[in-house]
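Asks: What follows is a structure written as structure tokens; I'll ask about it next.
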Amino acid sequence: MGNCCAVPNTSDADELKKEKNKPNPFSIHNGASHSKGDGVDKSYVLENPTGHDIEITYELGRELGRGEFGVTYLCTEKETGEVYACKSISKKKLRSRVDIEDVKREVEIMKHLPDHSNIVTLKDTYEDAIAVHLVMELCEGGELFDRIVVRGHYTERDAAVVTRTIVEVIQMCHKHGVMHRDLKPENFLFSNKKETAALKAIDFGLSVFFKPGERFNEIVGSPYYMAPEVLKRNYGPEVDVWSAGVILYILLCGVPPFWAETEQGVAQAIIRSVVDFKRDPWPKVSANAKNLVKRMLNPDPSKRLTAQQVLDHPWIQNAKKAPNVSLGESVKARLKQFSMMNKLKKRALRVIAEHLPVEEVAGINEGFKLMDIGNRGKIDMNELKVGLQKLGHQVPDSDVQILMDAGDADKDGYLDYGEFVAISVHLRKMGNDEHLKKAFEIFDTNQTGYIEIEELTEALSDEIETNSEEVINAIMQDVDTDKDGRISFDEFAAMMKAGTDWRKASRQYSRERYNSLSLKLMTDGSLRGNSESR
């Protein structure tokens, strides 16, 4: 959950500032813990939770995922043995009434929407003094793109089936007065690992109720999937169809339609709304598919297709007759690249860590001991966050999560000492060119001053399968900006210093950054650009 990308309008800005300066509404020092008389803390978020002590009914197991406001755990119902996912939202993270309303609204929306085979089910809600707990249907089948990558054959027909499912979810939401606002591949998981598994929408943390004709002005969502009218801060439910159109474009060619190296560049590309149908594999994509993409990505929301019109489109209506010819391995490779690109960065971090001077290692060792409160030889997310503060690093929660993700190579939810060293190198700024040069030299095994394709393959040999030639080539193409077929030190350094990839962009853009971006675009005239799809 979390409306972290939302931008208040001018009239609300002062009110929001006042709200944020208030004490945490759940702080014991704020006198917020009032008893109802039965010894149970009064609920300040949920109107009617199922209960207050989740552990009476459920046993919380291993961590499944982590977001800005909370952690998702494997959750087992003690009486039946049935397994679920429990999203536990920390009250300490809810710093303003805006945050609290977001949680309340997420629960209200999930309860409001009727049962649907492609929307995750909310089973129970609990609230105690520490957190709000949402017990939901468990989806174990993995993310949309990951399932595509492992399949041996990927076609227009596959893309049409996925698109129909996503738009059916949009239609259901809009029919019941709900605008999703954060549709992206990561928010769709398969229910299980079977080939016939249902694809389900899992996250309504940025969703809102709307009435016909109502307009919204919060800049919210994931940058690559935002409709142009979101950046213009005047939008309605049509934005969900735009996001689905972006997903469809990616499904058909493997890259997002509006891409740039900077936030401002992404925003300008979205505003221009020029859709490229020239690069491979578009020449072999059917005219019907391209027609649907164009109409879903119409920059004028009044002319954009509605969810129902998308479902009525011939390409969707005849999904089973859509071309069953493979879109090519390059499409799958690009999709896989989105999951793999950061692995090169992680590998470089480990290489740097292995070759640190003794004095630096000693300092890092002391830092690890400071954070390892339980003396377990490993540190968890909370220990990392607290330890960083003790060491004088003021790191936002979202960035702590990025560090944790980058360092936790074995994905056990902890950083062991070796993983912590890599994190420490990152904190000492990737801009330390001496460290970068050391990593570059180790990758550059033949000492030519460039990382060539064979050396890149060797550097990533531990991370990806030996038969992933397309993935290696795609990474090379991304990093090799001067297109000479090899990676120079400057190109390598630029990659290491660049931000996170587009798949992880959601919720890493603060209100202030997007607000200033929006204002800049408004004042320099770049919001006025418009070009029809070609």
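Asks: So for each of 248-259, 193-204 I average, over its residues, the number of other beta carbons within 10 Å; can you give me the resulting order with the highest mean first?
Replies: The packing order, highest mean first, is 248-259, 193-204.
Asks: For each of Asp280, Asp99, count neighbouring Cβ atoms within 10 Å of the residue's Cβ, then give the residues from fewest to most.
Replies: Numbers: Asp280 13, Asp99 24.
So the ranking, lowest neighbour count to highest, is Asp280, Asp99.
Asks: Still on this model: Return the long-range amide H neighbours of Lys123 (sequence gap of 5 or more, or a different chain), with a cut-off of under 5 Å between placed amide H atoms.
Replies: Amide H neighbours of Lys123, under 5 Å, 5+ apart: Val135, Met136, Glu137.
Asks: Residue by residue, what Karplus-based ³J(HN,Hα) values in Hz, rounded to whole numbers, does the range 279-294 have, using 6.51, -1.76 and 1.60 with θ = phi - 60° and x for Gly and Pro?
Replies: Result, ordered by residue: 6, 4, x, 4, x, 9, 7, 5, 4, 4, 5, 5, 4, 5, 4, 4 Hz.
Asks: Using unit Cβ charges (K, R positive; D, E negative) and no other charged atoms, how large, in debye to the nearest 20, is the dipole of the range 148-267 about its Cα centre?
Replies: 320 debye
Asks: Among 236-244, 478-486, 117-125, 160-168, how do they line up by average Cβ neighbours within 10 Å per residue, starting with the highest?
Replies: Working: 236-244: 24.2, 478-486: 14.3, 117-125: 17.9, 160-168: 21.9.
Put in order of decreasing packing, that is 236-244, 160-168, 117-125, 478-486.
Asks: Exceeding 23 Å between C-alpha atoms, which entries from my cross-link table qualify? They are Lys175/Lys320; Lys92/Lys211; Lys232/Lys278; Lys111/Lys200. Numbers along the way, then the final one.
Replies: Details: Lys175/Lys320 26 Å; Lys92/Lys211 32 Å; Lys232/Lys278 28 Å; Lys111/Lys200 16 Å.
Check vs 23 Å cut-off fails for Lys175/Lys320; Lys92/Lys211; Lys232/Lys278.
Asks: At 7 Å along the Cα-to-beta-carbon direction for both Asp115 and Lys194, put a label point, then send me their distance in nm to one decimal.
Replies: 1.7 nm
Asks: Among 309-317, 179-187, 447-455, how do they line up by average Cβ neighbours within 10 Å per residue, starting with the highest? If you can, show how the numbers build up before the last one.
Replies: Values: 309-317: 17.6, 179-187: 23.9, 447-455: 15.0.
Ranked from most to least packed, the peptides come out as 179-187, 309-317, 447-455.
Asks: Put a dot 7 Å past each Cα toward the Cβ at Gln309 and Thr481; how far apart are the dots in nm?
Replies: Modelled inter-label distance: 4.0 nm.
Asks: If each residue's Cβ is checked for other Cβ atoms within 10 Å, how do Leu436, Leu206 rank with the fewest at the top?
Replies: Numbers: Leu436 19, Leu206 26.
Going from sparsest to densest Cβ surroundings: Leu436, Leu206.
A short reminder: the numbers here are calculations on the coordinates, not readings from a lab. Everything quoted here is computed from the prediction, not taken from an experiment. We place every Cβ from the backbone using ideal geometry, glycine too, and count neighbours over all the protein chains shown.
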